[in-house]
Amino acid sequence: MNGYCCQNGHQSFGLNFSMEATGYKVFNDSVHGHITLHPLLVKVVDTPQFQRLRNIKQLGFANYVFPGANNCRYEHSLGTCYLAGKMVEKLLSRESGPRSNEDKFKMTLCVQLAALCHDLGHGPFSHTWERITETWGYDWKHESASIQMFDYLVKENNLHEEFRKYNLGEEEIKIIKELIIGGPDENKKPLLANKDNFFYEIVSNKNTGIDVDRWDYFLRDGLHLNLRITFDYRRLLEFSTILYDDDGLTHINFRDKEMLNLYDMYRVRSALHYAAYRHKVVINIEQITLLKEAHLAPESFSTLTDHVFYDILYSRDERLSAAQQLLQRVLKRDLYKFVGSINFPIAKRLSKKEQKECIEKEKFKVLSKLENDCKGSKFSVEDFYLYLDSTSDPVANVKFYKKTGEETIEKETFENIKNRLAPFPFQLSEDRTAQLLVFCKNQDVKKNQLEKAENFVKQYKTQCIV
Ligand SMILES: [Zn+2]
């Protein structure tokens, strides 16, 4: 790759013997094939904090529905790092302004390190952990945990010295952390200059949601779930460039004719959510294994992975027997009984907090009515948003460039192309759609009780939500 060539004098393609001798490493990845990583990236990979990701499933409990969904955060992080390298290489090759080879090299490494480390902070079973901590009342996000874990990784493994070998000091470490979260913390001045703003959009793009993190997990999850993924990220890479926008910052732009490809990307996202991420059996298992019910007291996050499931299951500690019974139910697939689902609209204009409050109110109403009508039975209600509809055009914030590659298309042209190309798999709607999934927790629930509950859910009318 470009940046590496200038430092080491190697060809940008293939791996030769001297590269291997200087610490480059080749990984054979199930999605991208052979991936060659720079020695500094390999140093990060070979740490206990990074290796921990081998034991955190990307898709939480989805493997209880899709047998192949055992892919882990480790391989996803390597894949994201690879794609980040490809994207930087492509964008820098299109850059019109001057940039020294040293700077290209440094920024390539920073973006690839951010990509490699962006998921270090995931907890057991990935996003399931976030939902679990939410039920404990924490506003815990894996992105900020990733930053803490990155600091911890560098310190614990004395990597400062290694970083310095490639001219990455404290300032660059701060930049890497900003790249992980897609920009500076709120109200802080960005560390990168205006001309370098586009680097923030590679690993975690806050404006458009189009970034290499998503590209990798769409492809990887699709492969392991055996779902056909049709959007072509290679084409998007080929037709991308950097241009200044009215805000005085550089942004990643895609060629105008690629709009359809981007719509396809969002369609894939919807399909993955619908088919797997929010599959009712997966949610059912998450409900059963809420680790708080398992009375878990995490000692240290860096030692916490999917193994907690089996730690609890095989523990001789009698205080865990109630939790063990729950986990046994998962293994015997003696799951909560699915009662039904309730869909209702939530006005888009409500704030996130208000939307959440509406949903919580509705959940409480459903739950108390059910437990009152079906005395003796216990229920559980889980909520989420349906992603099939979109309240706004998903590509509205994406910048597109004209054939000449010199300017971003204007609003009118954007609308014309959209009218011609948008498929439209998205039903634009005024409201968001929330869904409640209702489960009965009792193993021995009587048939008539369950029918009563099912009828209640079928006929339930929400007053929501304006
Ligand atoms: Zn990720």
Please list, ordered by chain and number, the residues whose modelled amide H lies under 5 Å from the amide H of LYS25; skip anything fewer than 5 residues away on the same chain.
LEU37
Per-peptide average of other Cβ atoms within 10 Å, ordering 59-70, 319-330 highest first:
59-70, 319-330
Give the long-range amide H neighbours of PHE379: residues separated by 5 or more places, or on another chain, with amide H under 5 Å away, using H modelled in the peptide plane at 1.01 Å from N.
LYS441
Please give every one of the aspartates and glutamates within straight-line cross-link reach of LYS458, meaning a C-alpha to C-alpha distance under 20 Å, and leave out same-chain neighbours fewer than 8 residues apart.
GLU360, GLU362, GLU371, ASP373, GLU382, ASP383
Full-extension gain in nm, ARG319 to LYS446, via 0.36 nm per residue minus C-alpha separation:
42.7 nm
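Rounded if a/c is under 1.5, else prolate if a/b is larger than b/c, else oblate: which is segment 22-65, with a ≥ b ≥ c the root eigenvalues of its Cα gyration tensor?
oblate
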Phi to ³J(HN,Hα) by Karplus 6.51 cos²θ - 1.76 cosθ + 1.60 over segment 214-231, Hz, x for Gly, Pro:
5, 4, 5, 6, 4, 5, 5, 5, x, 4, 6, 8, 6, 10, 6, 9, 9, 6
For segment 192-199, in residue order, the Karplus 3J(HN,Hα) values (coefficients 6.51, -1.76, 1.60; θ = phi - 60°; whole Hz; Gly and Pro = x) are 8, 5, 3, 5, 9, 4, 4, 4
Separation in nanometres of the label points that stand 7 Å from Cα toward Cβ, at LYS25 and ASN194
4.2
Show me 350-357, 74-81 ranked by packing, highest mean number of other Cβ atoms within 10 Å first.
74-81, 350-357
Tell me which trypsin sites (Lys or Arg not before Pro) from segment 190-230 have a DSSP coil assignment and no more than 11 other beta carbons within 10 Å of their own.
ARG228
Once the in-chain neighbours fewer than 8 apart are removed, the lysines whose Cα is under 21 Å from LYS353 read LYS141, LYS206, LYS361, LYS363, LYS365
Efficiency of FRET between GLU170 and HIS307 - r from beta-carbon atoms, R0 41 angstrom, step 0.05
0.75
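Quick note: the coordinates plus some simple rules give every number you see, no bench work behind them. Given the structure is predicted, the values throughout are model-derived calculations rather than measurements. Don't worry about glycine lacking a Cβ; one is built from the backbone with ideal geometry, like all the others, and counts go over all protein chains shown.
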